[in-house]
Amino acid sequence: MRWWKAVGLAGAAGVVATGVVVVRAERRRRAYTPDQVREQLHVRFAQATSAEC
C-alpha cells in the first residue's frame, strides 16, 4: 500500500471518529430538560460570582 493511501485512510478514520464524538455530545446535551439546564446555569453563576469576591 502506498503511503498516500494510508494517509487518506487515516484521514477518513479521523473524520468518522470526530463525527461519532459530536453525535454523542449532542445526544448527551439534548437529554437534559430545560429545568435541569436552568438549574445548572444558576449553580455555575453562583460559583462564578462567589469566586470573584
(request) Might you tell me the accessible area per residue for the chain, computed with a 1.4 Å probe and given in Å²? (result) 97
(request) Please give the direction-averaged projected area of the C-alpha convex hull for the chain, in square nanometres with one decimal. (result) 6.0
(request) Calculate for the chain the 222 nm mean residue ellipticity that helices alone would give, adding -39,500 (n - 2.57) per DSSP H run of length 4 or more and normalising by residue count, nearest 500 deg cm²/dmol. (result) -31000 deg cm²/dmol
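Suppose the chain between V22 and W3 were pulled fully straight at 0.36 nm per residue; how much longer would it get relative to their current alpha carbon spacing? The partial results should precede the final answer.
Values: separation 19, 0.36 × 19 = 6.84 nm, distance 2.88 nm.
Full extension from V22 to W3 adds 4.0 nm.
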(message) Charges at C-beta only: +1 for Lys and Arg, -1 for Asp and Glu. How large is the resulting dipole of the chain about its Cα centre, in Debye rounded to 20?
(response) 400
(message) Name the residue from Q47, A10, A31 whose Cα lies farthest towards the positive end of the charge dipole of the chain, charges +1 on Cβ of Lys and Arg and -1 on Cβ of Asp and Glu.
(response) A10
(message) Can you work out the Karplus-derived ³J(HN,Hα) for every residue in segment 43-51? Use 6.51 cos²θ - 1.76 cosθ + 1.60 with θ = phi - 60°, whole Hz, and x for glycine or proline.
(response) 5, 5, 5, 4, 5, 5, 6, 6, 6
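Counting only protein heavy atoms and using a 1.4 Å probe, what share of the accessible area of the chain belongs to carbon plus sulfur, as a whole percent?
Numbers: 3240 of 5120 Å².
Carbon and sulfur atoms account for 63 percent of the accessible area of the chain.
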(request) Convert each backbone phi in segment 25-33 into a coupling constant with the Karplus relation 6.51 cos²θ - 1.76 cosθ + 1.60 (shift: θ = phi - 60°), then list the ³J(HN,Hα) values in order as whole Hz, x for Gly and Pro. (result) 5, 5, 4, 5, 5, 6, 6, 7, 7
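The values are calculated or read from the model by the stated rules, or taken from the named source; none is laboratory data. This one's a predicted model, so the numbers in the text were calculated from it and none came from an experiment. Methodologically, a virtual Cβ is constructed for each residue, glycine included, from the backbone with ideal geometry; neighbour enumeration extends over all protein chains shown. Each accessible area value is taken on the protein alone, full model and side chains, heavy atoms only, with ligands, DNA and RNA left out. Shrake-Rupley method; radii C 1.70, N 1.55, O 1.52, S 1.80 Å.
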